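Visitor: Got a structure here, written out as structure tokens. Questions coming.
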Amino acid sequence: QSIKLAMSRQLAQRCARGMCGRFTGRAFSTGPESFIISTTETVPGYKIVQTFGMVAGSTVRTRNIGTDVFAGFRSALGGELTAYTQLLSESREEATERIQSSAEEMGANAVVAARFSSANVAQHASEILIYGTAVKIVKE
């Protein structure tokens with residue numbers, strides 16, 4: 001059974017279309033043996049049996065000049081900068097895949113207390129980071 005509490009309306013819509021990668025908000029599960037990432041410290045219906053420690057996944061992306069020029073015009077007129085929205089969405093998915101891979105290497109099947117962070121690391125380059133605690137969980 002899937003546990004889906006959407007981080008945002010856009011992400012929920014993408015997930016409904018099967019385009020969200022592995023993270024769908026507060027917690028996700030796509031089957032009985034799925035990896036779970038939760039923003040809460042526990043996962044309803046599961047018991048933490050082992051804690052492995054902090055784990056993180058990140059990606060640094062740059063924008064291209066064409067996107068920047070278009071965004072400049074768009075910001076003057078108002079409205080969503082869809083190219084940036086798409087870039088950030090893809091970056092979150094990539095960072096999420098990386099945290100899952102790191103946690104699985106430790107022997108975990110879940111990450112709890114997950115948080116996203118972003119920062120500008122250079123002109124026109126941004127980092128998206130997801131971090132949390134890698135754990136092993138079992139159904140209660």
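Visitor: Being open to solvent by 50 Å² or more (accessible area, probe 1.4 Å) and at pLDDT 90 or above, is that true of even one residue in the stretch 74-81?
Guide: No.
Visitor: Of all residues in the stretch 109-129, which are more than 15 Å from E41 (Cα to Cα) and among the β-branched types (V, I, T)?
Guide: V121, I128, listed by residue number.
Visitor: For the stretch 21-67, how many residues are at pLDDT 60 or above, not in a loop (DSSP other than H, G, I, E, B) and not polar (S, T, N, Q)?
Guide: Residues that pass the stated criteria total 14.
Visitor: For the stretch 90-108, which residues satisfy the criterion of being open to solvent by less than 60 Å² (accessible area, probe 1.4 Å) and either more than 19 Å from M54 (Cα to Cα) or within 16 Å of the chain's Cα centre (by Cα) (or both)? Give the steps one after another, and end with the answer.
Guide: The initial filter retains those residues of the stretch 90-108 that are open to solvent by less than 60 Å² (accessible area, probe 1.4 Å), namely 91, 93-96, 99-103, 107-108.
Hits for the stretch 90-108 are S91, E93, E94, A95, T96, I99, Q100, S101, S102, A103.
Visitor: For the stretch 84-117, how many residues meet the condition of being at positive phi and assigned to a loop (DSSP other than H, G, I, E, B)?
Guide: Step one: filter the stretch 84-117 for residues at positive phi, giving 107, 113.
When the remaining residues are screened for being assigned to a loop (DSSP other than H, G, I, E, B), the result is 107.
Total satisfying the criteria: 1.
Visitor: So which residues in the stretch 127-140 are open to solvent by 30 Å² or more (accessible area, probe 1.4 Å) and in a strand (DSSP E or B), if there are any at all? Before the answer, list the steps.
Guide: Within the stretch 127-140, the subset open to solvent by 30 Å² or more (accessible area, probe 1.4 Å) is 127, 129, 131, 133, 136, 138-140.
Residues satisfying the conditions are E127, L129, Y131, T133, K136, V138, K139.
The values are calculated or read from the model by the stated rules, or taken from the named source; none is laboratory data. These numbers were taken from a predicted model, which means no experiment stands behind them. The protein model used for the area step is the full one, side chains on, heavy atoms only, and it has no ligands, DNA or RNA in it. Shrake-Rupley method; radii C 1.70, N 1.55, O 1.52, S 1.80 Å.
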